[in-house]
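Values in this text are rule-based calculations from the coordinates and carry no lab data. Source: prediction; values computed, not measured. Glycine gets a Cβ as well: all are built from the backbone with ideal geometry, and neighbour counts include every protein chain shown.
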Amino acid sequence: MAQRARLADTEQDFKNAGIDPAKVAPWEDGMRIDPAGENYEWWYFDTNLSDGSQLVITFYAKSVVDPSSGLKPMIDIDLTRPDGSVVSDKLSFEPDEFTASKDSCDVKIGDNYFKGDLQHYEIGVFSPKITAKISFDNITPAWRRNYCIFFGDNDETNFGWLPATPRGTAKVALEFDDQKEELTGNCYHDHNWGNVALMKVMHHWYWGRANIGDYTVIQSYMTAEKKYGYHKLPVFLVAKKDQILADDPKYMTYYEGDKDYDGHTQKPFHNQVIYDYNDGKKHYRISYLREKTITHDRMIEQIDGAKKMLAKLAGFDGAYLRFSGQVKLEVFDGEKVVETHQSHGLWEEMYFGKTLDV
């Protein structure tokens, strides 16, 4: 019999965690794990820039695919240019080069930093290939409908996710290939952590976000592992400027269309991913329409030594795909579309489990 997987969104869940369900506190974007355990944590940022470029930066306390005891700090930076060319780097550091506050987002890895207070943030990444200095401010306030996902009948393991900046405005200074650029853009920042290796509990997910006119949308559709009955775990947000318009996932219906396969990772994906929200009073439809895949990563390439050999013997074939394309928002009045907005966006498929049609 399958074990339980559920969103931690009840009044008692928040009370047990000592968290105010109505307001995010700065400490929630601070370090949440004990590095001595089998766990992981990362802080993520992306921005769509004024020249059509897209920049993605992630600070890791540990690798999500190798969450062993002890720190394993890393930084990923990826700049995709309007012509499709990419400038990227993956930086690894010693454990003593990592520090993070538990009171707020204040992460330092070597000379690099990621810090902020749910209102204003600063990021600095100094790679031999690319330097990025970023300043950004929230427009849509930090948001969470649930504070984590519990796996197991006794809620013994968890995966946490906090969209600390559902929407912000960014100023970005870049140096690469002997050139300097100063750009602006809309941006997003979230924070993830957990106390169990994701490949043990999560089969795969789609996640995406976009700024579409004055609207902000964030969606995810997660599928738990076989042990948890491939249980579906949806997340949904539509906001307008600083106001939350809809975020109760029980009113969301999810659709996938135009199935395809990625040649490098051998994982299936869909060129159309659609989230339809209808609570009887408010009706929104968000469509993610892929134009290209900008990242194809095989997770086993992030594992070293004996663990990599064991992962190969176990047949581990996890993958990460990042997509770029159009995101369309339709606003309904009854059955009639009364608003249509479209924007360029980023979204992802994270695939931990064996390739299955589930």
Legend entry - Exposure proxy order (Cβ contacts within 10 Å, fewest to most) of W27, W205: W27, W205
Inset, instruction - Could you grab the relative contact order for the chain? Cα pairs under 8 Å, six or more apart, rounded to a whole percent. - result: 14 percent
Legend entry - Sequence-distant lysines (8 or more away, or on other chains) whose Cα lies within less than 16 Å of K354: K200, K226, K227, K267, K312
Legend entry - For A8, distant residues with modelled amide H under 5 Å away: Y147, C148, I149, F150
Inset, instruction - Might you report the magnitude of the Cβ-based charge dipole of the range 160-212 about its Cα centre, with Lys and Arg at +1 and Asp and Glu at -1, to the nearest 20 debye? - result: 440 debye
Legend entry - Relative contact order [Cα under 8 Å, 6+ residues apart], the range 120-244, whole percent: 20 percent
Inset, instruction - Using Cα pairs closer than 8 Å and at least 6 residues apart in sequence, work out the relative contact order for the range 199-358, in percent. - result: 23 percent
Inset, instruction - With +1 on each Lys and Arg Cβ and -1 on each Asp and Glu Cβ, and nothing else charged, work out how big the dipole of the chain is about its Cα centre, in Debye to the nearest 20. - result: 780 debye
Inset, instruction - Report the trypsin sites (Lys or Arg not before Pro) located in the range 91-137 that are in a DSSP loop and have at most 10 other Cβ atoms inside 10 Å of their Cβ, or state none. - result: K102
Legend entry - Nearest-20 debye value, the range 199-358 charge dipole, Cβ charges on Lys, Arg, Asp, Glu: 520 debye
Inset, instruction - Consider a paramagnetic label point 7 Å from the Cα of V86 along Cα→Cβ; state which residues of the range 113-136 have an amide N under 20 Å from it. - result: 125-132
Inset, instruction - With unit charges on the beta carbon (Lys/Arg positive, Asp/Glu negative), name the residue among H231, G318, F14 whose Cα is farthest towards the positive pole of the charge dipole of the chain. - result: H231
Inset, instruction - Kindly put D178, D89, D96, D297 in sequence by how many other C-beta atoms sit within 10 Å of each C-beta, fewest to most. - result: D178, D96, D89, D297
Legend entry - Radius of gyration, Dmax [the range 199-358; alpha carbons; angstrom]: 17.2, 58
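Just want the ordering: Y44, Y255, Y121, from fewest to most Cβ atoms lying within 10 Å of their own Cβ.
Numbers: Y44 19, Y255 13, Y121 24.
In order of increasing Cβ crowding within 10 Å: Y255, Y44, Y121.
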Inset, instruction - Show which aspartates and glutamates lie in cross-link reach of K250 when reach means a straight Cα distance below 15 angstrom and same-chain residues fewer than eight apart are skipped. - result: D9, D276, D279
